[in-house]
Amino acid sequence: MTKTSRFPGFYNETLAARRLLVGDATGTDPGDITSALEAGGLDAVTADKFVENVLGTYALPYGVALNVRVNGREHVVPMVIEEPSVVAAASNAAKMVRAGGGFIAEADAPIMIAQIELRDVKDAHAAARRIEEHSAEILKLADAAIAGLVSRGGGARGVEARVLADDIVVAHILVDCKDAMGANLVNGVAEAVADRVAAIAEARVGLRILSNLCDKRCVRVRCEVDAEALATGEMGGSEVIDGIVAASRFAELDPYRAATHNKGIMNGIDAVVIATGNDWRAVEAGAHAFAARTGRYMPLAVWRRAGDKLQGKIELPLALGTVGGTLRVHPAARVSLRILGVTDAQELAGIAAAVGLASNLAAVRALATDGIQRGHMGLHARSVALAAGATAEQVERVAAMIVEARDITLDGAKRALNAL
Ligand code: MEV
C-alpha cells in the first residue's frame, strides 16, 4: 500500500533522491527503479525480441504524477511522455482534486468483443436470431479455445448478433479477459468459433478479430473541486468555475474543440498506458470511437457547477492489462506496476482515467484563466536551455533568463549561457 503520493518540493530533488522517495513511499526497491529506468528501461538485445529489424531503442522521459488519490487509495503514477508540463499539470490538478476528497472511479468487468463478420447471408435477421439462439453452444466452443483464461476465472460471457446490411451480419462474442488486455485471447476466440457461427448463420466467414471499441469495458471517474482551490492570482475561484464550465460547453458544442479537449485528456491517459506497457493505439482507437458513438464527436470529460464546487466526470473504454503482453518482458513496465501498487486491471483503468481527468482539468483551467502559453513557455525554456548546451546546474538559471528576456530561442539561450 502506497504511504503517500504527496511530496512537496519533489521537482527540486535530484533524480537519485526522487527514486528514494518514491521507493520508500511505494515499497519499491530504489535499486530496482534505477536499474529498470536507466538507459530507457529496455536494452537493445531485449528490444530485438519484441519487434523486427531492430536497430536499437528510443527512450522517452519517465516521470511520476503526484497527489493522485483514487477511491481513497494513494498512487504515485508513472507517466511516459515527451511533452513538457503534462506531468506537472496533472500533479497540480490532482492536488486540487485531492483537497476535495480525491477521484471516485468505477470500472466495468473487463469484457472484450470478438467480432466474426458473416458474408453472403440470405436472411440477415433470421441468421442473427439463430446465432443468439445457439449462444450456449458458441460460448462452450469459445471457452474451449481459452482454457487458461477460464481456469483464472475469465471466459466467454455472451453472444450478440448485429445486422449490418441485407447480406452481412456480425457476431460478437463477449469475453471476460480478467487482468489481461486480451487482444490475443479474443482474436483466438474469433478464429476458433467462426466456422461454427457461419454454419449456424448459413453464411461465409469474413473477418475474425477483436473490436477496439470495447464499450463493455468502460471506466467512469468523477471528482469535485472547491472554488477556492481553483483561484489564480488574478481570478477568484467562482469565476474560474464559470470559465471551466464554459470551456466544457464549447467542447460539447463543437467537434473541433472536442478533439483538442480530448487530446489533453489523452496526454494523461496515454502516458500512463505507455508507462505500464499497454497498447496505447488500442486505447486511442477505442477512446475516439467512443467519443463519436452518438454520431457526433463529443468530449470524453465534462464539467459542471454544483454550488461553489466544480464537478467533473469522464467516461471511456479502457482495455488495459496488468498481466501478459509487453508487461512480462519490459522491465520498466513491471516497475511501473510496482510503483502504482496495482495488480488489478480495473483499478489500473480507474487510475489512468483519473490522470486523464486531471490533465483535462489542468488544461481547461489554464485556458479559462492565464492561457496555456505562460506555463508551457517556462517549461519549453528548459528544453531550449538544454539544447543550447546548458549543464544540469545551469538549466534553471538559463531558462529563467530567457523567459525574463521574452527571448525563448536557441540564440537567446546561447547568449544567456555566455552571460553566466
Ligand atoms: C496540449 O497538449 C493539450 C491542450 O491543447 C488541451 C486543451 O486544449 O484542452 C492544452
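Data overview
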quantity: The stretch 1-149 - accessible surface per residue (Å², probe 1.4 Å); calculated: 51
quantity: Fully extended contour minus Cα-Cα distance, from LYS3 to LYS263, at 0.36 nm per residue; calculated: 90.4 nm
quantity: Computed helical MRE - 222 nm, the chain, DSSP H runs ≥ 4 contributing -39500 (n - 2.57), nearest 500; calculated: -15500 deg cm²/dmol
quantity: Kyte-Doolittle mean at least -0.5 and Cα axial length at least 27 Å: DSSP H helices in the chain; calculated: 255-275, 345-368
quantity: Per-pair calculated FRET efficiency, R0 = 25 Å: ALA99 and ARG374 via Cβ, rounded to 0.05; calculated: 0.60
quantity: Spin-label pair ASP108/GLU404, simplified geometry with 7 Å Cα→Cβ offset, distance in nm; calculated: 5.5
quantity: Inter-label distance for ASP308 and GLU82, nm, one decimal - labels placed 7 Å from Cα along Cα-to-Cβ; calculated: 4.5
quantity: With 20 Å bins from 0: P(r) over the chain, alpha-carbon pairs, percent; calculated: 24, 51, 22, 3, 0
quantity: Cβ-derived FRET efficiency at R0 35 Å, GLU137 paired with GLU13, nearest 0.05; calculated: 0.05
quantity: Residue-span extension gain [TYR58 to SER383] - 0.36 nm each, minus C-alpha spacing; calculated: 115.2 nm
quantity: By average C-beta atoms within 10 angstrom, highest first, the peptides 35-46, 83-94; calculated: 83-94, 35-46
quantity: Out-of-range pairs (alpha-carbon distance over 22 Å; input LYS3/LYS95; LYS3/LYS263; LYS263/LYS313; LYS3/LYS313; LYS140/LYS178); calculated: LYS3/LYS263; LYS3/LYS313
quantity: Within the stretch 1-24, backbone nitrogen closer than 18 Å to the virtual label 7 Å beyond the Cα of ASP344 toward Cβ; calculated: 1-3
quantity: Carbon plus sulfur fraction of accessible area for the chain, probe 1.4 Å, in percent; calculated: 53
quantity: Label-point gap, in nm, between ARG162 and ALA246 - each point 7 angstrom along Cα→Cβ; calculated: 3.9
quantity: Dipole magnitude of the chain about its Cα centre (Cβ charges: Lys, Arg +1; Asp, Glu -1), debye to nearest 20; calculated: 400
quantity: Rounded Å value of the spacing that divides the Cα centres of the stretch 244-268 and the stretch 45-81; calculated: 26
quantity: Trypsin sites (Lys or Arg not before Pro) restricted to the stretch 112-167 and DSSP loop, no more than 12 other C-beta within 10 Å; calculated: LYS122
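The values are calculated or read from the model by the stated rules, or taken from the named source; none is laboratory data. Computed from a predicted structure; not experimentally measured. Glycine also receives a Cβ, built like all others from the backbone with ideal geometry; neighbour counts cover every protein chain displayed. Accessible surface is based on the protein model in full, side chains and every heavy atom, while ligands, DNA and RNA are left aside. Shrake-Rupley method; radii C 1.70, N 1.55, O 1.52, S 1.80 Å.
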